[in-house]
1. Anything in the range 343-361 that is aliphatic (A, V, I, L, M) and touching a helix residue (DSSP H, G or I) at 6+ places or on another chain (Cβ under 6 Å)? List them, or say none.
2. Can you tell me which residue is nearest to residue 200 (Cα to Cα) among those in the range 260-284 that are exposed (fewer than 14 other Cβ atoms within 10 Å of the Cβ), modelled with pLDDT of 80 or more and polar (S, T, N, Q)?
3. Residue under question is residue 22, and the condition is that it be modelled with pLDDT under 85 and under 24 Å from residue 340 (Cβ atoms); does it hold?
4. Can you work out which of the residues in the range 239-285 that are in a helix (DSSP H, G or I) and hydroxyl-bearing (Ser, Thr, Tyr) is farthest from residue 222 (Cα to Cα)?
5. Scan the range 219-240 and give yes if some residue there is surrounded by 15 or more Cβ atoms within 10 Å (Cβ to Cβ), out of contact with any Asp or Glu (no Cβ under 9 Å at 6 or more places or on another chain), under 30 Å from residue 169 (Cα atoms) and among the polar types (S, T, N, Q), otherwise no.
6. Out of all the residues in the range 359-384, which are farther than 20 Å from residue 113 by Cα and hydrophobic (A, V, I, L, M, F, W, C)?
7. Residues that are more than 11 Å from the chain's Cα centre (by Cα) and in a helix (DSSP H, G or I): does the range 391-406 have at least one?
8. Output the residues belonging to the range 54-93 that are at pLDDT 90 or above, open to solvent by 30 Å² or more (accessible area, probe 1.4 Å) and over 18 Å from residue 9 (Cβ atoms).
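The values are calculated or read from the model by the stated rules, or taken from the named source; none is laboratory data. Predicted, not measured: the structure shown is a model, and the values here were computed from it. Using ideal geometry, Cβ is built from the backbone for each residue, glycine included, and neighbour counts are taken over all protein chains shown. Calculation scope for accessible area: heavy atoms of the full protein, side chains included, ligands and nucleic acids excluded. Shrake-Rupley method; radii C 1.70, N 1.55, O 1.52, S 1.80 Å.
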Amino acid sequence: MSARNRELAILILVGLITVTGFASVYIARQNEISAGSLSYAGFFFALYLVAHLVGRLTVPDADPYLLPMAALLTGVGLTEIYRLNPTDALRQGLWVVIGVAGFAVALIALRHDFRRLESYKYLFGLSALALLFLPALPGIGRSINGARLWVQVGSLQFQPGELGKIAMIVFLAAYLHSKQEVLALGRLKDFGPLLAIWGCAMLVLVATHDLGSALLFFGIFLAILYLATSRLLYVGVGMTLFLIGAAGVYETTAHVQSRVTIWLQPWTTQKIPCPTRGGLLMQRQECESFQLVKSLYSIAQGGFTGTGLGKGTFSVPNGNTLIPDLKTDFIFSALAQELGLVGIAALLLVLILFVVRGFHIALLVDDGFSKLVCAGLTFGFALQTFIIIGGILRLIPLTGITLPFISYGGSSIVANFILLAGLLLVSQRANEAR
């Protein structure tokens, strides 16, 4: 069986799983099956069939598992968003359409040789910095939950850092590939642009008040730097600089201090002044850490097998939600409650397999630029997944980063489809050479 036929067969299986998921949610909500609810699944399958056909024409020898895994993750996310709010599922479906369109455009435009992007490395670098700092601009920047990561133009609200991440990876891969040999020598003058990246990561942290975004961008930078030079010393120095900068920002930024405090001590037995309630005396789990604590209770309620799709408890009798931002930052908690340990472990396994396939492609490809781009995209996907899930499970301080392909959010969906297109383009080149 050819790679594309194998991809199609798996996509059909994913379509059946999605139909079952939507039917289960609707039965749990309405005690009947609706053709309207199943139309979401049919539309979803048709959309990915279009993506498959574009891939068949442009990257016929590319990895056959990445697109089905992305489809499964998107299907799970769309099903849970539909379970929480059908209107939001419709909006998310529209963003998936835009994401698939971006995926198709990227494959068609770069199908002959994506390596020509290397010639525009400084343009990508400047674009990445511009996208990172857009939320800091007055008038269009928006602060949500204390983090300034959003830009609003009219009724359109998006997170430019998601696309900035892709541009940053292309720049780093191109620059480090061109300077690979001299960087291995350790000459200080060759590290000017890299030190500028460190400074920009710290400025992003100061401007946006979000430790997670700074950690994501600087983590990608250190990973690509290590892959290009094989020098652990650079990674150690970079991590030290980041910790020093993060400690400085912690001392001067109240929002970062609050996130660390919530991480270390989400529960209190005594009442303390609540900054979001005008200094009213409350326990921390009723104030600043309310969201995180309710999320942990939701995960615990899922148990081993879960409550079942559509049967989780996410609101109180008066209709108010138990966990704010459930469809975005905390959709993992909703899925953990309804799928249980078994289901959420299976979902994590799909995310891990996506990362494994990405690094497998990076090992197969022969030229340095392609290898660094592929490894950078894959590592960025892996690190972003770890940061959001690690924050929810209290492994690290909580941040507002989205769960790739699953969380509600247009900019995240579009960026991840472009990431997927990049991996398939590199895979096509690797398999053609073989």
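1. Applying the first criterion (aliphatic (A, V, I, L, M)) to the range 343-361 yields 344-353, 355-356, 361.
Residues satisfying the conditions are 344, 350, 351, 355, 361.
2. Applying the filter and picking the extreme gives 265.
3. Values: modelled with pLDDT under 85: yes; under 24 Å from residue 340 (Cβ atoms): yes.
The answer is yes for residue 22.
4. Of the range 239-285, the ones in a helix (DSSP H, G or I) are 239-252, 254-264, 275-277, 284-285.
With hydroxyl-bearing (Ser, Thr, Tyr) added as a condition, the list becomes 240, 250, 252, 258, 261, 276.
Working: 240: 11, 250: 21, 252: 25, 258: 27, 261: 27, 276: 36 Å.
By that ranking, first place goes to 276.
5. yes
6. Result: 359, 379, 381, 382, 383.
7. We begin by selecting, within the range 391-406, every residue more than 11 Å from the chain's Cα centre (by Cα); these are 391-399.
Now restrict to residues that are in a helix (DSSP H, G or I): 391-392.
Checked the range 391-406: at least one residue is more than 11 Å from the chain's Cα centre (by Cα) and in a helix (DSSP H, G or I).
8. Matches in the range 54-93: 57, 76.
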